[in-house]
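Here the structure is laid out as structure tokens; the discussion comes afterwards.
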Amino acid sequence: MTIASHLLELRRKHETLSTLVEQEQRSPGADAIRIAELKKQKMRLKEEIARLNPN
């Protein structure tokens, strides 16, 4: 897997997590712990993307 394709996959996962966070936050019985975990996953992906793509 090239770095470019790996970055693309990481960005896709980040976008998917963004969507999940939005959906969770809108649901009436939102689980704050689940939302926090999703946000942590998003942050880890963002950091990995920044590490691989310093531009």
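Bear in mind these aren't lab numbers, they're just calculated from the coordinates by the rules spelled out. What you are looking at is a predicted structure, and each value in this text was computed from that prediction instead of being measured. Reconstructed Cβ throughout: ideal geometry from the backbone, glycine too, with neighbour counts over all protein chains shown.
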Using only the alpha-carbon atoms, how far is helix 32-52 inclined from the longest principal axis of the chain? Give it as 0 to 90 degrees, nearest 10. 10 degrees
Using the Cα gyration tensor of the chain, with a ≥ b ≥ c the square roots of its eigenvalues, what is the shape: rounded (a/c below 1.5), prolate (a/b larger than b/c) or oblate (neither)? prolate
Two pseudo-spin positions, 7 Å from Cα along C-beta at E22 and at L7, lie apart in nanometres by 2.4 nm
Residue-averaged 222 nm ellipticity for the chain, from DSSP H runs of 4+ at -39500 (n - 2.57), nearest 500: -28500 deg cm²/dmol
If one compares the long axis through the Cα atoms of helix 3-26 with the longest principal axis of the Cα atoms of the chain, the angle in degrees, nearest 10, works out at 10 degrees
Percent relative contact order for the chain, counting Cα pairs under 8 Å at least six residues apart, stands at 49 percent
